[in-house]
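The values are calculated or read from the model by the stated rules, or taken from the named source; none is laboratory data. Predicted, not measured: the structure shown is a model, and the values here were computed from it. Every residue, glycine as well, gets a Cβ built from its backbone with ideal geometry; the counts of neighbours run over all protein chains shown. Only protein heavy atoms, including side chains, enter the accessible area calculation; ligands, DNA and RNA are left aside. Shrake-Rupley method; radii C 1.70, N 1.55, O 1.52, S 1.80 Å.
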Amino acid sequence: MGGFNMHFDIAPPPHGGDLETWQRQFNEAMHWLDLSSACNREPWPIPALDPRLWYELPDQVRLYQAAQEFFGVSPIAVGAGTQQLIEVLPPLFESQGVGKTVMVPLVGYQEHGFCWQKWGYTLHHYESVSELLERDWDVAVVIHPNNPTGELVSEALKQALQHRLSLSPSRRLIVDEAFMDASPESSWLRGTLPEQCVVLRSVGKFFGLAGARVGFAFGAESLRTPLRALCGPWPVATPALELVARALEDRAWQVEASASIEERNAYFAAHIVPKLNTLFDSQERSNTALFSTWRTTPEQAKKAFEALHGVGIHIRLGQGWVRVSLPAGHEMNRLNQALVKLLQGHQLKELG
């Protein structure tokens, strides 16, 4: 394969949404509140399904139509979550003779770097998207908004990146917009997409349908056939196709969900954030509509993570950062009371 040294024996990165792993280790974890995955805690309601969906082969036509209506542009491929699309882009670009130097965010969804490493690409990290204007690369990954930093690409920076692409036809840019559905006005799909750019979208976050495993790729028509060939004829199960098509068509729920997210964020900022500032010993918070991330010392992050387990709250622990998903409305009081108990108890002294 083009002289690449593939590495399929390297250990995968850890993920949030791993409550079941903890439940297998600790009995008390069975009752923890899981705020680690950053998916919408008030997901699209799952209806009853026709049993015939379980024995019919998948037909993607309705899903493609619903996606075109929802996103405003037709996807070039559907995959088993954006994860599958992330997996197949390295061999696709290799087959097209794209160069081997890849840049990914230093802090961000780690599967991007992991997938390029597996295929033998040379991996480099950047701290700010603006570095992509100065440094040399063949493929760059932008997570928009970034998970977990929440960083968005400004319009000026977007235009500058697109201009740089136009000057180098051999370059490729991947924009991972898995969290964009909650703030679609910032999407790269709102404008003309450069030929060398691929945008990924997911229904796992805003719709809360991570288990359906459905993701979309948007980009040049020349990528449609090879992407679909790499994903195979039936990447998404028939019931998942039906559920996601209905969710994308459900405009009434989407309006209600957006209003709920706005209301919950207001409560979270007013009642929860001050307590978490104290717990994490940091006010350095960034956020998207579905999660908040605090930067703190690795030691403080670990202590707070363990202390929250003591009151039945599970969050995402990173290297010098912690991420907390936006709770559902009915979960806010439980989280608030747990924080009151924690901050009033002896564990506060241990955190200090």
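Return the only residue of D18, D34 being acidic (D, E), closer than 25 Å to A289 by Cβ and in contact with a strand residue (DSSP E or B) (Cβ under 6 Å, 6 or more places away or on another chain).
Values: D18 fails: in contact with a strand residue (DSSP E or B) (Cβ under 6 Å, 6 or more places away or on another chain).
Result of the check over D18, D34: D34.
Tally up the residues in the stretch 195-215 that are among the β-branched types (V, I, T) and in a strand (DSSP E or B), please. So that I can check it myself, show each step before the final result.
As a first pass, look at the stretch 195-215 and keep what is among the β-branched types (V, I, T): 198-199, 203, 214.
Filter again for in a strand (DSSP E or B), leaving 198-199.
Selection size over the stretch 195-215: 2.
Among the criteria (1) assigned to a helix (DSSP H, G or I); (2) free of Cβ contacts under 8 Å to residues at least 60 places away in the same chain, the one I261 does not fulfil is (2). Of all residues in the stretch 79-94, those that are over 18 Å from R201 (Cβ atoms) have Cβ atoms under 7 Å from Cβ atoms of residues that are small (G, A, S), 6 or more apart or on another chain, in E94/G2. Pairs meeting the criteria (first residue in the stretch 49-70 and at pLDDT below 95, second residue assigned to a loop (DSSP other than H, G, I, E, B), beta carbons under 7 Å, at least 6 apart or on different chains) are L57/W234; P58/W234; P58/V236; P58/A237.
If you filter the stretch 107-137 down to residues that are in contact with a helix residue (DSSP H, G or I) (Cβ under 8 Å, 6 or more places away or on another chain) and in a loop (DSSP other than H, G, I, E, B), you find that the one that is surrounded by the fewest Cβ atoms within 10 Å (Cβ to Cβ) is W119.
T149 falls short on exactly one of the conditions (1) at pLDDT below 95; (2) over 22 Å from the mean Cα position of the chain (by Cα), and that condition is (2). Here are some residues: G3, G17, G81. Which one is modelled with pLDDT of 95 or more and among the small types (G, A, S)? G81 is the lone residue from the list that is modelled with pLDDT of 95 or more and among the small types (G, A, S). Within the stretch 194-211, being open to solvent by 10 Å² or more (accessible area, probe 1.4 Å) and free of Cβ contacts under 8 Å to residues at least 40 places away in the same chain holds for P194, E195, Q196, G211.
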